[in-house]
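> Dropping a structure here in C-alpha cells format, bear with me for questions.
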Amino acid sequence: MKGFKVLLKKEICEIIRNKRLMILMAIFVLVGIMNPTIAKLTPKLYELMSEDFAEQGITVSAVKVTAMDSWSQFVKNVPTVLIVLLIMFSGIYTTEYSKGTLIPLLTKGLSRSSVVLSKLAVMLLVWSIGICLCFEITYFYSDFYWDNSVVSKLFFAAFCWWLFGVFMISCIVFFSSFAGSGIQVMLGTGAVYFSMTLIGMYNKAKEYLPVRITDSVSLYKGEYEPKDYFGAVIVTAMLSFVFVLVSLPITHKRQI
Amino acid sequence: MNVLEVKEIKKSFGSKKVLDGVSFSVPDNCIFGFIGRNGAGKTTTMRAILGLLKTDGGEINVCGERARYGCTPKSGCIGYLPDVPEFYGYMNAHEYLKLCGEISGMGSSELKTRISELLELVGLDKEKHRIKGYSRGMKQRLGIAQAMINRPKLLICDEPTSALDPVGRKDILDIISAAKEQTSVVFSTHILSDVERICSCVAFLEGGKTAFSGSLEEIRAVRGNTALELTIVEPNDIERISSAFPDGRVNDGKFILPQASEKDCADLMAFLSAQMIPIARLERREADLEDLFMEVIGK
Ligand SMILES: Nc1ncnc2c1ncn2[C@@H]1O[C@H](COP(=O)(O)OP(=O)(O)O)[C@@H](O)[C@H]1O
Ligand SMILES: [Mg+2]
C-alpha cells in the first residue's frame, strides 16, 4: 500500500510535468463552454443563412433553442474528449514496460499490483475531475441562458457517461497487461467498442451492453427511465472490475 | 557466508540455449567480476538473480533466501544497475532518489542524509537539471546511487563501464571500490583491465557455462608461471623462432611463450644470440586475465 501512495504521487507529478493534465483539462473546460455556445449561436447561424435559403425558395421558420440543444451538444462532444483522453493514456503502461524505467523500482520491492493500480487511479482521477468540470460548466451556462428543467435525468445521464469512461479506462488497463505498445492497447480498446456496437445492432443483448448507457438523449427526452439502464450499468461496472482484476495476475507474469 | 549462490541455472530463448548450467558464489565483502563476451549471457544471468526472468532450471540463493521469478528477493537485499539505465526524464536526481528511497521504505530524515551522501559520492550533488539532459556517464552514476540507496547487501552492476570514456570508467570503478566497504558487488564486464583493477573474485562465462570461477589469487596460482613476450625487429624471423619453440604462439607480431620457466628463458636467449636474430624487446610478464580468458574460450 505504501508503494501505491508513493507511485500515485509520481504519476501525478508525471502528468503535470509532461503537460498532459493541462492539455486534457483545457479540452474539458473548452468543450464545457462550447456546448452551450454552439446552441446559443445556432439561431444566429440560421439567420445569416436564411437569405440564401430564401433565394432558393426555402423559408426557415424561427428556430427556438432550449437547454436540450446545449445538452445534445454535450452528448456529441464528450465521446471526442474521451477518445483524446484514451489516446493520451494508451501508452501509460507499455512505455514504462518497454523502456525499463520500472526495473529499478521493482527491484526495490515495489509490487506490480501497485504499478497497475496507481496508474489506474491517476487515469480515473483525471477522467472524473474532467467530466465533472465539463458537466458543471455546461450545466451552469445552460441554466443561465435557458432552463435546465426541460431536460430530465441530467445527473443520471452524466453518471452513465462517467461510468462508460471508467469502463474504457479499464480496457486500457486490461490490454496493457499483455500488449507490447500503446498502439496495440488502442486497437484492443477500439475493438471492444466496435464489437459492442455490432452486437448491439442485431441482438437483444443490447439492453445489457455498456454502449447502452451512452444513449443520453432518450433519457433527456424522457423516453427512457433510469431503471431501463440499470442492467447495462451493472454489467458495465462488473466488466470494469473484472478487467482490472484479471490484469493483475497477467501483469504479474509479464516479462518486464 | 555467501551473499549470492547461483547453482546450475539454465535458460533458453526459443531453441537458443543461452545459459546451460551457470554456477558461482559470491562471498561477503568482495568485488566479483563476471566476465564474458558480448552475448555470453551476463545480463540474462543477472536478470534471473533479480527475479526478472524465469529460468528453466537451477537454484539461486540471495542472502540465504531462494529467489523466484516475479518476486524481488527480500527487500533491501539487492541493488541493481541495469546495463542501459532508464529513469524518469522529468525528475532531477534528487527527486528520483527520493522516489527510490520511499519505495524501499526509508524514513524521510534518514533518506535526506542518505541522498546527499550518495549524490556527493557519485559526484552529482551540484547537478540541478532534470535527468532528461543527462549524458550516459551521468546516468550511470545516478544508476549506482539509486542501486545503493537502501544500503543493499549485494550490488549488481551490469556492464557499468562499457559505454564510458577512460575518465568516466575510472570514476565509476572508484565509486564501486568505495562501495565495497558496505556491500558485495557483482559486476559484469568484458573489459579485463577493469577486473584486474578492482575485483577480488572472478567468474568466466563461456558457452552458457561458468568456465572458471575463483579468486584472483587462485587464478594467479593456477597460472603461476610468467610468460615471455618477444618483439623482434625483422618480422620474417618469427617463423624460425616459432618452429624452434612450438609451445609459443604469435600474437600481433609478437612471439609469446606462455608458462616459461627460467630455463625456457635462457634457452630462448641462447637461441636468439646463436641465430643472430635482432630483437627490439624481450619481456617477462605475469600471466594476466587475458591469457586465461583466451585459454578459456579456446583461442
Ligand atoms: N528476451 C530475449 N529473447 C530472445 N533472446 C534473448 C533475449 N534476451 C537475451 N537473448 C539472447 O541471449 C543471449 C545473451 O544475451 P545477454 O545476456 O544480454 O548477453 P550479455 O549481457 O552477456 O552481452 C544473446 O545472444 C541474446 O540474443
Ligand atoms: Mg548485457
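> Using a probe radius of 1.4 Å on protein heavy atoms only, what is the accessible area buried between chains B and A, both sides summed, to the nearest 100 Å²?
2500 Å²
> Also, quick follow-up: Which of the lysines could be linked to A:LYS9 by a straight reach, that is with a Cα gap under 19 Å, when you skip same-chain ones fewer than 8 residues away?
A:LYS19, A:LYS108, A:LYS119, B:LYS98, B:LYS112
> Also: Which residues, if any, in region A:97-131 have at least 50 Å² less accessible area in the whole protein complex than in the isolated chain, probe 1.4 Å?
When all protein chains are present, A:THR101, A:ILE103, A:PRO104, A:LEU105, A:THR107, A:LYS108 each give up 50 Å² or more of accessible surface.
> Here is a follow-up. With every protein chain left in place, what is the accessible area per residue of the protein assembly as shown in square angstrom, probe 1.4 Å?
It amounts to 48 Å² per residue over the protein assembly as shown.
> For a quick size check, give me the Cα extents of chain A along its three principal axes, largest first, whole Å.
74, 43, 33
> Could you name the aspartates and glutamates in cross-link range of B:LYS126, using Cα to Cα under 13 Å and dropping any fewer than eight places away on the same chain?
B:GLU117
> What do you get for Rg/Rh over the protein assembly as shown if you use C-alpha atoms and the Kirkwood form of Rh?
Here the Rg-to-Rh quotient is 1.19.
> Would you pull out the residues with amide H under 5 Å of B:ILE31's amide H, same chain only if 5 or more places away, H placed 1.01 Å from N?
The list, which skips near neighbours in sequence, is B:VAL185, B:SER200, B:CYS201.
> With all protein chains present, how much of the accessible area of the protein assembly as shown (probe radius 1.4 Å) comes from carbon and sulfur, to the nearest whole percent?
Answer for the protein assembly as shown is 59 percent, counting heavy atoms of protein chains only.
> Another question about this same structure. Who wins for biggest fluctuation among A:LEU106, A:LEU24, A:LEU86 in a Gaussian network model of chain A, springs between alpha carbons below 10 Å?
A:LEU106
> With a point put 7 Å past each Cα toward its Cβ, work out how far B:LYS180 is from A:CYS132 in nm, to one decimal.
Placing both labels 7 Å beyond Cα along the Cβ direction yields 5.8 nm.
> Region A:238-256: which residues show an accessible-area loss of 10 Å² or more, assembly versus chain alone, 1.4 Å probe?
Buried on complex formation: A:HIS252, A:LYS253, A:GLN255, A:ILE256.
> What is the calculated FRET efficiency for A:LEU41 to A:THR197, with r their C-beta to C-beta distance and R₀ = 25 Å, to the nearest 0.05?
0.20
> Oh, and also: Assuming R0 = 41 Å, what is the FRET efficiency of A:LYS206 and A:LYS2, from their Cβ-Cβ distance, to the nearest 0.05?
So the FRET efficiency works out to roughly 0.40.
> Further question: If the cut-off is a Cα-Cα distance under 17 Å, which lysines reach A:LYS206, setting aside same-chain residues fewer than 8 apart in sequence?
Partners within reach: A:LYS227.
> How large is the dipole of chain A about the Cα centre if only Lys and Arg carry +1 and Asp and Glu carry -1, each at its Cβ, rounded to the nearest 20 debye?
The calculation lands at about 1600 debye.
> I've got another one for you. Of the candidates B:LEU50, B:LEU118, B:LEU282, which one comes out as most mobile in a Gaussian network treatment of chain B with C-alpha springs shorter than 10 Å?
Residue with maximal mean-square fluctuation among B:LEU50, B:LEU118, B:LEU282: B:LEU282.
> Looking at A:SER181, A:LEU41, A:ILE27, which one has the Cα that reaches farthest to the positive end of the dipole of region A:2-253 (charges on Cβ: Lys, Arg +1; Asp, Glu -1)?
A:SER181
> Still on this structure: Let me spell out the model: positive unit charges on the Cβ of Lys and Arg, negative unit charges on the Cβ of Asp and Glu, origin at the Cα centre of region A:176-234. What dipole size does that give, in debye rounded to 20? Let's see the in-between values first.
Working: 5 positive and 5 negative charges, 20 e Å.
The calculated dipole for region A:176-234 is roughly 100 debye.
> Can you tell me the 0 to 90 degree angle between the C-alpha axis of helix B:108-121 and the longest principal axis of chain B, rounded to 10?
30 degrees
> At 7 Å along Cα-to-Cβ for each site, give me the label-to-label distance between A:LYS253 and A:LYS221 in nm.
That separation, rounded to one decimal, is 4.8 nm.
> Separate question: Each label point is 7 Å from the Cα along the Cα-to-Cβ direction; what then is the distance between the points at B:LYS16 and B:SER162, in nm?
1.4 nm
> Under the Karplus relation 6.51 cos²θ - 1.76 cosθ + 1.60, θ = phi - 60°, what is the ordered set of whole-Hz ³J(HN,Hα) values for region B:168-184, x standing for Gly and Pro?
Each residue's phi maps through the Karplus curve to give x, 5, 4, 4, 5, 4, 5, 4, 5, 4, 5, 5, 4, 4, 9, 9, 8 Hz.
> Also, quick follow-up: Please give the residues from region B:83-120 for which the solvent-accessible area of heavy atoms, probe 1.4 Å, is smaller by at least 40 Å² with all protein chains in place than with the chain isolated.
B:GLU86, B:TYR88, B:TYR90, B:LEU99, B:GLU102, B:ILE103
The values are calculated or read from the model by the stated rules, or taken from the named source; none is laboratory data. Treat the numbers as computed from the prediction; the structure is a model and nothing was measured. Heads up, the Cβs are rebuilt from the backbone with ideal geometry, glycines too, and the neighbour counts pull from every protein chain shown. Surface accessibility is based on the protein's heavy atoms, side chains included, excluding ligands, DNA and RNA. Shrake-Rupley method; radii C 1.70, N 1.55, O 1.52, S 1.80 Å.
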